[in-house]
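Trainee: The structure is given below, and queries will be raised subsequently.
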Amino acid sequence: MSLFRTELRRLSKRRFTRYMTLLGLLVLAAVVVGVFFTNQKIGADQLAQAERQADQQYQEQVRWSEQERAACEQAKTAGTATDGRYPPDCSVITPPPREEIKADWFLPSTFDFKETFDETLIPFAAILALVGFVIGASFVGAEWSTGGMMNLLLWRPKRLTVLLTKLAALLTGILAVTLPAAVLWFAGFWAVANFRGSTEKMTSGVWQSFMLTGVRGVVLVLVLTTIGFALASLGRHTAMALGGVVAVMVVGQFGLGILLSMASVRFAEAWLLPTYALAWMTKTVTLQDWNACNATYYGECKPATMDITWQQSSVLLSVGVVVILGAALWAMRRRDIS
Amino acid sequence: MPAVLEIEGLRKTYKSRRRGTRNALDGFDMRVDAGQVHGFLGPNGSGKTTTLRTLLGLIRPDGGRMALLGHEVPDALPTVAGQVGAIVESPQFFPHFTARDTLSLLAGAGEVPAVRVDEVLELVGLRDRSGERVKTYSLGMKQRLAVASALLKNPKLLILDEPANGLDPGGIREMRTLMRTLAESGMTVVLSSHILGEIQLICDSVTIISLGRRVAFGPVDEVLAQHSSGAVRIRLEAVSDLPVATEALTQAGIRVTGHPDHLMLAGVDKPASVTRLLAEKNLYVSELAPIAVDLESVFLELTATAPVPGQHRQVDESMKVGGTGQPGPAGGGWGA
Ligand SMILES: Nc1ncnc2c1ncn2[C@@H]1O[C@H](COP(=O)(O)OP(=O)(O)O)[C@@H](O)[C@H]1O
Ligand SMILES: [Mg+2]
């Protein structure tokens, strides 16, 4: 217990932890503020304004089609209408019906809490997962590379206990930031919806779904933190974890993506890790293959699809954590420390 | 006296895929009794740090047994770790923390009361600088901090790997006093060093290691006596008598080196025999001084690392015991 508390103290004393956390929280705040200023509440004024704009658009269409029809007829009588610029029958040039031009199109964007809050949890989880990853990597990486780990092991010779306690302290710290941040995030968007949108139609089912998405977001943050920690412990250097991930992302993912698309592999995204992170958050990601066209009865093209579900993602995340953390623990047990 | 530290037949082999294997420790033995200041001597690369690391569970030995405070290690390390304070090799700390934070975190991890932090800062003379980041410390100050961290547990056994590194002369003297004080208070101190004058001044006993094996051990004066070469310097009343004396002594089987005003004799068992021999030839000795050997010459002799003019000795060219006894790079080298 004393070791756990000490490690928690070490974590919070580190400047890197503080700055990174602050940076992450600032980015999150900026997102909320940005959404606040790019949305508006829809009232009678906005509706009337949109209606006016739709009318205007309709008038424009009418004017334009009349001009065109006149030009068409003129060309026909002049006998110059052979270049296919105009249809044979000029009367088909008509404006679209008024009801096809929807006033909705001219409404300013608005924040509907029920529709949109779910999606905001994706950047929330992504930003905090990134913060967790680098803090996790630097927390143990710096310990290794500065000899702090060796010093600590002279006091607490049980290596696995030391490493796991450090990890527990790290996850506790990250959780202590993530949970309040999630509450603030929720409150922030509730306020945005209140002032710049609507908070209507919130049923208990919607609440539950938001809660579950939030929980999955927190799990994602913890998983990435653990992976950052384990990689840095394995490489005994912060840079190892960061470098490793950059290598995996740049070479492994972008490279793989380009290669797969060049080889026109079906559902290339199914090989890319971010797809699974996204599926984890949104429950399913549907990939489409436009090359495989399932023609419908009407001759319309429906792409072949493939669903990636959050269950598949959960398998991937679990296997990733078990393998990487397992390797880190094994190395901790076996390797000489010098 | 009970042994505080016991090592028998310790082996450690470093394997490198490219360069084969290296026996850093090759059946090393060591024993330190309670309450002593024990010097652990050896040339660079002889295996001192490897021994201490292995003892403290940082690296895994390939053979042999070790015990600390009567407990077999590494198995019992969790039991004894609280009573063994150690610094291994150059001190390393997280550079952005202050000395006080560093110690306070260690104290927290080891369940040592926080007041102890101030006590050890005072002891090593860092009290007024303890609020500064370790990054800004000089090597000597880091060394002091390392000693402070080892003392934090108030250990029964204190192990210091080259603690005098980077210390100023005053610091070395303070460290010496500190160690004597600690030993008097009942702490056992093991001190690895190659500063032989220091060891001779403050240590009760020594272990000398060369290429991973023990070449000498015991109380300092015993080691000196065993390896004193029986050198004696004599002067005669008349300098003109020196050649006659040389002849007489050489005939008696004593190695003699002539100097303008005195003679150096080697391999003398009893100085009295020299006096008698010369008196029989009517030569009268005005001065007869057995030359005291110092630890440095014993060390150089035992490890065969004395400099030879015109040669650049390489680090692994030192004495290997149990082999031919000849210095040479053959033993323990890469690819052996
Ligand atoms: N991690 C390592 N890998 C390979 N060889 C090592 C390692 N650590 C030490 N050695 C070798 O073991 C020998 C003993 O080193 P060491 O114990 O550090 O000597 P010293 O007596 O100077 O402290 C040296 O030859 C050194 O090169
Ligand atoms: Mg060393």
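Trainee: Under 20 °C and 1.002 mPa s, how fast does chain A diffuse according to Stokes-Einstein, given a Kirkwood radius computed over C-alpha pairs? Answer in µm²/s, whole number.
Mentor: Working: Rh = 24.6 Å.
Rounded to a whole number, D works out at 87 µm²/s.
Trainee: A follow-up question, please. Could you list which residues have their amide H under 5 Å from that of A:Asp112, counting only those 5 or more apart in sequence or on another chain, with H placed in the peptide plane?
Mentor: Those lying under 5 Å, H to H, from A:Asp112 are A:Ser198.
Trainee: While we're on this one: Can you list the aspartates and glutamates whose alpha carbon is less than 14 Å from that of A:Lys158, not counting same-chain residues fewer than 8 positions off?
Mentor: Of all the aspartates and glutamates, those that pass the test against A:Lys158 - Cα under 14 Å, at least 8 places apart if same chain - are A:Asp336, B:Asp75.
Trainee: Tell me what chain B gives for mean residue ellipticity at 222 nm when only DSSP H runs of n ≥ 4 count, each as -39,500 (n - 2.57), the sum divided by the residue total, rounded to 500 deg cm²/dmol.
Mentor: Details: 11 runs with 105 residues, N = 336.
Helix contribution divided over all residues of chain B: -9000 deg cm²/dmol.
Trainee: If you bin every alpha carbon distance in region A:156-223 into 10 Å steps from zero, what whole percent lands in each bin?
Mentor: Whole-percent P(r) values from 0 Å outward: 17, 35, 25, 13, 7, 3.
Trainee: So how much accessible area does B:Glu89 have, in Å² to the nearest 10, using a 1.4 Å probe?
Mentor: 80 Å²
Trainee: Give the percent of DSSP beta bridges with both residues in region B:3-225 that are antiparallel, rounded to the nearest 5.
Mentor: 60 percent
Trainee: Here's a follow-up. Placing one identical point scatterer on every Cα of chain B and ignoring solvent, what is log10 I(q)/I(0) from the Debye formula at q = 0.15 Å⁻¹?
Mentor: -1.21
Trainee: Now, a different point. What fraction of the Cα pairs in region A:1-87, stated in percent, has a spacing above 21 angstrom?
Mentor: 70 percent
Trainee: Next question. Using the alpha-carbon centroid of each, what span in Å lies between region B:25-85 and region A:135-187?
Mentor: 30 Å
Trainee: Could you state the per residue volume, in Å³, of the convex hull enclosing the Cα atoms of region B:229-290?
Mentor: Convex hull of Cα atoms, per residue: 67 Å³.
Trainee: Can you give me the Cα centroid spacing of region A:205-273 and region A:6-72 in angstrom?
Mentor: 28 Å
Trainee: Here is a follow-up. Percent antiparallel among DSSP beta bridges with both residues in the protein assembly as shown, to the nearest 5? Can you show the working numbers first?
Mentor: Values: 47 of 67 bridges.
Of all bridge pairs located within the protein assembly as shown, approximately 70 percent are antiparallel.
Trainee: Also, I was wondering about something else. Tally Lys and Arg at +1 and Asp and Glu at -1 over the other residues with C-beta under 12 Å from the C-beta of A:Trp310: what net charge comes out? Each step should come with its number before you reach the end.
Mentor: Numbers: positive: A:Arg216, A:Lys283; negative: A:Asp307.
Value of the local net charge: +1.
Trainee: Roughly how many debye, to the nearest 20, is the charge dipole of region B:229-290 about its Cα centre, given +1 on each Lys and Arg Cβ, -1 on each Asp and Glu Cβ, and no other charges?
Mentor: 180 debye
Trainee: A further question follows. Any idea what angle helix A:273-282 forms with the longest principal axis of chain A, computed on alpha-carbon atoms, 0 to 90 degrees, nearest 10?
Mentor: Its long axis makes an angle of about 80 degrees.
Trainee: Okay, moving on. Protein chains only, probe 1.4 Å: how do A:Tyr58, B:Tyr284, B:Tyr137 rank by accessible area, largest first?
Mentor: Accessible-area ranking of A:Tyr58, B:Tyr284, B:Tyr137, largest first: B:Tyr284, A:Tyr58, B:Tyr137.
Trainee: When the dipole is taken about the Cα centre of region B:3-225, and only Lys, Arg (+1) and Asp, Glu (-1) are charged at their Cβ, what size is it in debye, to the nearest 20? Present the calculation step by step, with values, prior to reporting the outcome.
Mentor: On the way: 27 positive and 25 negative charges, 215 e Å.
Rounded to the nearest 20 debye, it is 1040 debye.
Trainee: Count the net charge of all other residues whose Cβ sits under 14 Å from the Cβ of A:Thr110, scoring Lys and Arg as +1 and Asp and Glu as -1.
Mentor: Once all neighbours under 14 Å are counted, the net charge is -1.
Trainee: Taking amide H positions as placed in the peptide plane 1.01 Å from N, state which residues far from B:Ala34 in sequence (5 or more) or on other chains have amide H under 5 Å from it.
Mentor: B:Val4
Trainee: Please quote Rg/Rh for region A:45-106 to two decimal places, taking the Kirkwood radius as Rh and restricting both calculations to Cα atoms.
Mentor: Working: Rg = 15.5 Å, Rh = 13.1 Å.
In region A:45-106, Rg relative to Rh is 1.18.
Trainee: Still on this model: Report the net charge of residues surrounding B:Ala34, where surrounding means a beta-carbon distance below 12 angstrom and charges are Lys +1, Arg +1, Asp -1, Glu -1. Before the final figure, lay out the partial values.
Mentor: On the way: positive: B:Arg31, B:Lys156; negative: B:Glu6, B:Asp33, B:Asp204.
That works out to -1.
Trainee: Normalised by the number of residues in region B:3-225, what is the relative contact order in percent for Cα pairs under 8 Å and 6+ residues apart?
Mentor: For region B:3-225, the relative contact order is 29 percent.
Trainee: Also, I was wondering about something else. Taking N as the number of residues in region A:82-128, what is its Cα Rg relative to 2.2 N^0.38 Å?
Mentor: 2.33
Trainee: OK, next. How big is Rg to Rh over region B:38-153, alpha-carbon atoms, Rh as the Kirkwood inverse-mean-distance radius? All intermediate terms of the calculation are to be shown ahead of the outcome.
Mentor: Values: Rg = 15.5 Å, Rh = 15.5 Å.
Rg/Rh: 1.00.
Trainee: Can you give the translational diffusion coefficient of the protein assembly as shown in µm²/s, computed by Stokes-Einstein from the Kirkwood radius over Cα pairs at 10 °C and 1.306 mPa s?
Mentor: After rounding, the answer is 49 µm²/s.
Trainee: Per residue, what accessible area does chain B have, given a 1.4 Å probe and all protein chains present, in Å²? Numbers along the way, then the final one.
Mentor: Numbers: 15630 Å² over 336 residues.
Per-residue value: 47 Å².
Trainee: Amide H to amide H, which residues 5 or more places from A:Ala304 or on other chains are under 5 Å from it, using H placed in the peptide plane?
Mentor: A:Asp289, A:Ala292, A:Asn294
Trainee: Ok, one more. On a 1.4 Å probe surface of the protein chains, which of B:Val134, B:Val239 comes out largest in accessible area, and what is the full order? Mind showing how you got there, number by number?
Mentor: On the way: B:Val134 5, B:Val239 85 Å².
Correct descending sequence by accessible area is B:Val239, B:Val134.
Trainee: Sticking with this one: In square angstrom and rounded to 100, what buried accessible area do you get between chains B and A, total over both, with the probe at 1.4 Å?
Mentor: Chain pair B/A: roughly 2600 Å² of buried accessible area.
Trainee: How high is the relative contact order of chain A? Use alpha-carbon pairs under 8 Å, at least six apart in sequence, and give a whole percent.
Mentor: Relative contact order for chain A comes out at 22 percent.
Trainee: Can you give the helix-only mean residue ellipticity at 222 nm for chain A, where every DSSP H stretch with n ≥ 4 adds -39500 (n - 2.57) and the sum goes over all residues, rounded to the nearest 500 deg cm²/dmol?
Mentor: That comes out to -24000 deg cm²/dmol.
Trainee: Antiparallel versus total DSSP beta bridges in chain A: what percent is that, nearest 5?
Mentor: Counting only bridges with both partners in chain A, antiparallel ones make up about 80 percent.
Trainee: Specify whether the C-alpha gyration tensor of region B:126-169 places it in the rounded, prolate or oblate class, a ≥ b ≥ c being the square roots of the eigenvalues: rounded for a/c under 1.5, otherwise prolate if a/b is larger than b/c and oblate if not.
Mentor: Cα axes put region B:126-169 in the oblate bin.
Trainee: So, one more: Take chain A, mark every one of the GluC sites (Glu not before Pro) that falls in a DSSP loop and has at most 11 other Cβ within 10 Å, then report the longest stretch left between them, sites excluded.
Mentor: A:1-199
Trainee: Still on this structure: From the gyration tensor of the Cα coordinates in region B:171-325, what semi-axes in whole Å does the equivalent ellipsoid have, largest first, with each one equal to sqrt(5λ)?
Mentor: Its equivalent ellipsoid spans semi-axes of 37, 21, 14 Å.
Trainee: Please compute the contact order of region B:34-157 in relative form: average sequence separation of alpha-carbon pairs under 8 Å and at least six residues apart, divided by the residue count, as a percent.
Mentor: Reported as a whole number, the value is 28 percent.
Trainee: Per 10 Å bin, what is the whole-percent P(r) computed from every C-alpha pair distance within region B:163-223?
Mentor: In whole percents, the pair-distance histogram is 20, 51, 27, 2.
Trainee: While we're looking at this one, here's another question. Evaluate the Debye formula for region A:194-258 with equal point scatterers sitting on the alpha carbons, no solvent, and hand back log10 of I(q)/I(0) at q = 0.16, 0.21, 0.22, 0.25 Å⁻¹, in q order, two decimals.
Mentor: Summing over Cα pairs of region A:194-258 leads to -0.72, -0.88, -0.92, -1.04.
The values are calculated or read from the model by the stated rules, or taken from the named source; none is laboratory data. Bear in mind that the values here come from a model prediction, so they are computed numbers and not experimental data. For neighbour counting, all protein chains shown are included, and Cβ atoms are generated from backbone atoms with ideal geometry for every residue, glycine included. SASA here: full protein model, heavy atoms, side chains in, ligands and nucleic acids out. Shrake-Rupley method; radii C 1.70, N 1.55, O 1.52, S 1.80 Å.
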